[in-house]
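Working notes, structure below.
The values are calculated or read from the model by the stated rules, or taken from the named source; none is laboratory data. It should be emphasised that the depicted structure is a prediction, and the values quoted were computed from it without experimental measurement. In this analysis, Cβ positions are derived from the backbone assuming ideal geometry, glycine residues included, and neighbour counts consider all displayed protein chains. All accessible areas refer to the heavy atoms of the entire protein, side chains included, with ligands and DNA or RNA removed. Shrake-Rupley method; radii C 1.70, N 1.55, O 1.52, S 1.80 Å.
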Amino acid sequence: MANSTVTLFDGASQVGSATADGSGNWSITSSTLSPGAHSITATATDAAGNVSTASSGVSVTLVNEKTRDIETKTGSCRVY
């Protein structure tokens, strides 16, 4: 959602947040994810403070401790 605050979670733990631009694009870099399996979900909070339900979980496995960027584009996540 454009101009909303997007918050990412690994299970119940918040791992990052960012503000979506006018087109709804956003990017978050998290330094809290360790190597291994993770289930990432997201919520969006609009300017009025309404919080969306959490997205479906995206399963990711980090294999390199030095790269933890997560990007989303059209509903999918990529881990570098």
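Whether any residue in the range 47-59 is of a type in the set (Ser, Thr, Tyr), in a strand (DSSP E or B) and at pLDDT 90 or above is what I want to check. Within the range 47-59 (the criterion being of a type in the set (Ser, Thr, Tyr), in a strand (DSSP E or B) and at pLDDT 90 or above), the answer is no, since none of the residues qualifies. Restricting attention to the range 3-14, the residues that are hydroxyl-bearing (Ser, Thr, Tyr) and outside any strand (DSSP E or B) add up to 1.
Looking at the structure I just gave you, is Ala12 surrounded by fewer than 19 Cβ atoms within 10 Å (Cβ to Cβ), without any contact (Cβ under 8 Å) to a residue 24 or more places away in the chain and within 15 Å of Gly57 (Cα to Cα)? Spelling it out, Ala12 is indeed surrounded by fewer than 19 Cβ atoms within 10 Å (Cβ to Cβ), without any contact (Cβ under 8 Å) to a residue 24 or more places away in the chain and within 15 Å of Gly57 (Cα to Cα). Scanning the range 35-53 for residues that are of a type in the set (Gly, Ala, Ser) and open to solvent by less than 60 Å² (accessible area, probe 1.4 Å), we see that the one that is nearest to the chain's Cα centre (by Cα) is Ala42.
Scanning the range 2-22 for residues that are over 9 Å from the mean Cα position of the chain (by Cα) and within 9 Å of Thr45 (Cβ to Cβ) returns Ser4, Thr5.
Answer with yes or no whether Ser31 is in contact with a Ser or Thr (Cβ under 9 Å, 6 or more places away or on another chain), at pLDDT below 90 and open to solvent by 60 Å² or more (accessible area, probe 1.4 Å). Against the criterion (in contact with a Ser or Thr (Cβ under 9 Å, 6 or more places away or on another chain), at pLDDT below 90 and open to solvent by 60 Å² or more (accessible area, probe 1.4 Å)), Ser31 does not qualify.
Can you confirm whether Ser56 is among the small types (Gly, Ala, Ser) and either under 12 Å from the mean Cα position of the chain (by Cα) or open to solvent by less than 30 Å² (accessible area, probe 1.4 Å) (or both)? Yes. If the condition is being in a loop (DSSP other than H, G, I, E, B) and either in contact with a Pro (Cβ under 9 Å, 6 or more places away or on another chain) or closer than 17 Å to Leu62 by Cα (or both), then the range 15-45 contributes Ser30, Ser31, Thr32, Leu33, Ser34, Pro35.
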